[in-house]
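Below is one structure, written out as structure tokens; the observations come after it.
Values quoted throughout were computed directly from the atomic coordinates according to the rules given, and no laboratory measurement underlies them. All values reported here derive from a predicted model rather than from experimental measurement. Don't worry about glycine lacking a Cβ; one is built from the backbone with ideal geometry, like all the others, and counts go over all protein chains shown.
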Amino acid sequence: MIRRRLILPGLLTTLFALTAGFNNLSAQQPSDQEGNIAVSPIEDLMREHGVLRRILLIYEKELKGMDNDKNPQYDVIFKSANIIHEFIEGYHEKLEEDHIFPIFEKAVKLTDLTKTLREQHEAGRKLTREILRFSKAKETGSKDNPNALAGNLRSFIKMYRPHAAREDTVLLPALRKFISEKEYDELGDKFEDKERELFGENGFENIVKEVEDIEKSLGIYELSRFTPAGKL
């Protein structure tokens, strides 16, 4: 009983300190007029990589069906590739090319990496153009379409998995070393303004919803489906 009396005040003091710390942390986070916490530029780009990775899973699902002699779901592939074209290539990659890569190039740091990333962006756009062309041209009846489409999907997946991983683990974590706090905040404002200009309010959330709808149509939305069966 004595021991409990001694511990409880200390525990309450610790809980109070933690609560105060969390409140102070929240107060320090930038937010808009509605109280929503602002997303930092690095977080913005990384969560967009999450959209890309989810579409890679959609591509893989379609490839698996094609490997099992199932006809590709051209509409699913077209919708997914169009998200890549508009959101990833037309918005996300343009942010990187116009605002992120130049920071490293000006500092003469990681320039070999940014050079490769730029080249892969261009290669990815060519692949997406072909994926859109083949998935839209299903009515042509060409027997080469599924084979060519599958090849382009595989090439896209093979390149973008390491591409996004290298950006997330090497390039983006180094960004803060080469710009001031003021420049970093301004970068976040530019990203937000561009997203709103291209996709309206809640642009990212709307894109994620589109991806979710495609995942649900393929039966791959539930995360538990990717858990290995049986004992580990």
- Query: Which GluC sites (Glu not before Pro) does segment 159-225 hold that lie in a coil by DSSP with at most 13 other beta carbons within 10 Å?
  - Reply: Glu201, Glu222
- Can you pick out the pairs among Lys126/Lys158; Lys115/Lys216; Lys64/Lys216 whose Cα atoms lie more than 26 Å from each other? Lys115/Lys216
- What is the gain in length, in nm to one decimal, between Asp168 and Arg225 on full extension, counting 0.36 nm per residue of separation less the C-alpha to C-alpha distance? 18.0 nm
- If the chain between Leu198 and Asn82 were fully stretched, how many nm would it gain, using 0.36 nm times the residue separation less the Cα-Cα distance? 40.3 nm
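Would you list Phe134, Phe78, Phe191 from fewest to most Cβ contacts within 10 Å? Provide the component values of the computation, followed by the final result.
Numbers: Phe134 26, Phe78 18, Phe191 21.
The order, fewest Cβ neighbours first, is Phe78, Phe191, Phe134.
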- Message: With a cap of 16 neighbouring Cβ atoms within 10 Å, and only residues DSSP puts in a loop, list the trypsin sites (Lys or Arg not before Pro) found in segment 161-209.
- Response: none
- Overall Cα dimensions of segment 39-220, principal axis frame, Å, largest first: 55, 35, 25
- Item | 3J(HN,Hα) from dihedral phi, segment 61-67, Karplus parametrisation 6.51/-1.76/1.60, rounded to Hz, x for glycine, proline | 4, 5, 4, 4, x, 5, 5
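How much length is gained if the chain between Gln120 and Glu212 is pulled fully straight, taking 0.36 nm per residue apart and subtracting their Cα-Cα distance, in nm to one decimal?
Numbers: separation 92, 0.36 × 92 = 33.12 nm, distance 2.64 nm.
The Gln120-Glu212 span can extend by a further 30.5 nm.
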